[in-house]
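S.K.: Just dropping this structure here.
The values are calculated or read from the model by the stated rules, or taken from the named source; none is laboratory data. Note that the structure is a prediction, hence the values are computed from the model and not measured. Counting neighbours? That spans all protein chains shown, and the Cβs are built from the backbone with ideal geometry, glycine included.
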Amino acid sequence: MYENESKRAQLGRLKITSRLAGLMLSLCSLPVFAVCLENQDLRGVNLAGAEFNGAKRPGVMYKDYTYPSNGEMDYYANKGVNAIRLPVRWERVQRELFAELNEQEMAAIGKTLAAARERGICLILDIHNYGTYNDMPIGSAEVPVEAFHDLWLRIADALDNPRYLVLDLMNEPFTLDIAFWGQVAQSTVNALREAGADQLIFVSGGRWSGVHEWSKTISGASNSGTFADFSDPLGRTVLQVHQYADQYYSGTKNTCHEPAHFNGMFASIEKWAQDNDQQLFLGEFGVPKSDTCLASLDRMLSLMEDSNVWRGWTYWAGGAWWGGYPLSIAPKNGSDAAQMEVVAPYLSAKQCGERRQEDCPPMPPGNLKIDG
């Protein structure tokens, strides 16, 4: 599909609508802070909602799914968040493969990007599709790998804002073999760089991207082997991992492993990253509000203090439509969630920046026990 022309030329010819172009131009008048590209940790939250009701394709915006409000953005910005991961559905962003991006969906994403920039927040745009499009896997006859390249080339062109935007290629691509996903991810990064895209890119590990099984061989491959030599000519690609605290690491149970259970797995993946000159980002982790779960949440946060390895993290999840979801970090009736009480000190510590250490709040101890 890309023969006899450079991807840069192709990217330059991609067109966006006048409405979206106007929205993107409005971004240029906002203050400039190189949030995504600075050598600093990105610490924040997933603001879920735009990926909701994925079986309804495309669905009706603000009826079947939603985007963050300014009030939500203000709440997390005031807590010290400098990163928001925004899950979206490929089928909504691009209604047909190889087609132009949907005007309404891109306007909503562009509005969220503008709101993030106004607040000095890096927006991580996550295609939350598990390696598929309309339930067909990438690499199938129905969804060729080139279609995935095309999606990201179009997004990178339409939202050309590397200071405030991270391209998060694919959430938990469990439908694809690990080795094949590694090839797809590498070719997508290559295509974006050849086309002149400068954004920071997040590449999820295969399967569910779990820290706990990073070195486990499944169908002849492991994430540790597949991604050891992953490369980016700009050096702006970070490997994304996820980790939940319950018995099966699914994020669907109300009980959690004890805090010490996570020490070994985080130490192991950290050493792997150091040995292979890779950086990591914990894109999803979350717990219910029991004492043990909150203590395990604190432990995981405390295990990511080496900024040479960990580029940061985003808690799963905030968002106004969660209702009684036990992992939700969204405030209720004007009160912070118990999970926010644990997360907030780690956000505040990063707000200190270059200030004197005595002016900064102390980091909580690793064995902190939270009541209630």
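S.K.: With the requirement that a residue be small (Gly, Ala, Ser) and either assigned to a strand (DSSP E or B) or within 29 Å of residue 325 (Cα to Cα) (or both), what does segment 265-294 give you?
M.R.: Pass one, segment 265-294, residues small (Gly, Ala, Ser): 267-268, 273, 283, 286, 290.
Matches in segment 265-294: 283, 286, 290.
S.K.: Would you call residue 223 over 20 Å from the mean Cα position of the chain (by Cα) and of a type outside the set (Phe, Trp, Tyr)?
M.R.: Spelling it out, it is not the case that residue 223 is over 20 Å from the mean Cα position of the chain (by Cα) and of a type outside the set (Phe, Trp, Tyr).
S.K.: In the set 312, 286, 318, which member is under 14 Å from residue 211 (Cα atoms), among the small types (Gly, Ala, Ser) and surrounded by 21 or more Cβ atoms within 10 Å (Cβ to Cβ)?
M.R.: Working: 312 fails: under 14 Å from residue 211 (Cα atoms); 318 fails: under 14 Å from residue 211 (Cα atoms).
Result of the check over 312, 286, 318: 286.
S.K.: Also, I was wondering about something else. Being assigned to a helix (DSSP H, G or I) and surrounded by fewer than 19 Cβ atoms within 10 Å (Cβ to Cβ) is the filter here; which residues of segment 224-236 pass it?
M.R.: 225
S.K.: For segment 323-341, give me each residue that is in a loop (DSSP other than H, G, I, E, B) and surrounded by fewer than 20 Cβ atoms within 10 Å (Cβ to Cβ).
M.R.: Hits for segment 323-341 are 323, 324, 325, 326, 331, 333, 334, 336, 337.
Yes/no per residue for (1) more than 20 Å from residue 312 (Cα to Cα); (2) assigned to a helix (DSSP H, G or I); (3) among the charged types (D, E, K, R):
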{"residue": "75", "(1), (2), (3)": "no, yes, no"}
{"residue": "95", "(1), (2), (3)": "yes, no, yes"}
{"residue": "108", "(1), (2), (3)": "yes, yes, no"}
{"residue": "116", "(1), (2), (3)": "no, yes, no"}
{"residue": "123", "(1), (2), (3)": "no, no, no"}
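S.K.: Here's something else I'd like to know. Give all pairs with beta carbons closer than 6 Å in which a residue from segment 249-271 that is under 13 Å from residue 215 (Cα atoms) meets a residue that is surrounded by 20 or more Cβ atoms within 10 Å (Cβ to Cβ); count only pairs at least 6 apart in sequence or on separate chains.
M.R.: That search, which allows pairs on different chains as well, returns 265/211; 265/212; 266/303; 269/211; 269/214.
S.K.: Another question, if that's okay. Does segment 54-73 hold any residues that are assigned to a loop (DSSP other than H, G, I, E, B) and under 22 Å from residue 315 (Cβ atoms), and which are they? Show your work before the answer.
M.R.: Our first condition is that a residue be assigned to a loop (DSSP other than H, G, I, E, B); within segment 54-73, this holds for 54-60, 62-64, 66-69.
Across segment 54-73, the qualifying residues are 54, 66, 67, 68, 69.
S.K.: Related question: Quickly run through segment 124-149 and pick out the residues that are within 20 Å of residue 85 (Cβ to Cβ) and surrounded by fewer than 22 Cβ atoms within 10 Å (Cβ to Cβ).
M.R.: 128, 130, 132, listed by residue number.
S.K.: Follow-up. If a residue must be farther than 19 Å from residue 284 by Cβ and not in a loop (DSSP other than H, G, I, E, B), how many such residues does segment 186-223 contain? Step through it out loud before you land on a result.
M.R.: Applying the first criterion (farther than 19 Å from residue 284 by Cβ) to segment 186-223 yields 186-199, 215, 217-222.
Now narrow it down to the ones that are not in a loop (DSSP other than H, G, I, E, B): 186-194, 218, 221.
Residues in segment 186-223 being farther than 19 Å from residue 284 by Cβ and not in a loop (DSSP other than H, G, I, E, B): 11 in total.
S.K.: Among the residues of segment 130-149, is there at least one that is at pLDDT below 95, under 17 Å from the mean Cα position of the chain (by Cα) and assigned to a loop (DSSP other than H, G, I, E, B)?
M.R.: Residues of segment 130-149 at pLDDT below 95: none.
For segment 130-149, residues at pLDDT below 95, under 17 Å from the mean Cα position of the chain (by Cα) and assigned to a loop (DSSP other than H, G, I, E, B): absent.
S.K.: Among residues belonging to segment 237-262 that are among the polar types (S, T, N, Q) and surrounded by 15 or more Cβ atoms within 10 Å (Cβ to Cβ), point out the one that is nearest to residue 299 (Cα to Cα).
M.R.: Only one residue tops the list, namely 243.
S.K.: Would you please name the residue that is nearest to residue 250 (Cα to Cα), looking only at residues in segment 168-209 that are among the small types (Gly, Ala, Ser) and touching a His at 6+ places or on another chain (Cβ under 6 Å)? Before the answer, list the steps.
M.R.: Just the residues of segment 168-209 that are among the small types (Gly, Ala, Ser), to begin with: 179, 182, 185, 187, 191, 195-197, 204-206, 209.
Filter once more, so that each one left must be touching a His at 6+ places or on another chain (Cβ under 6 Å): 191, 209.
On the way: 191: 33, 209: 11 Å.
Filtering segment 168-209 for residues that are among the small types (Gly, Ala, Ser) and touching a His at 6+ places or on another chain (Cβ under 6 Å), the one nearest to residue 250 (Cα to Cα) comes out as 209.
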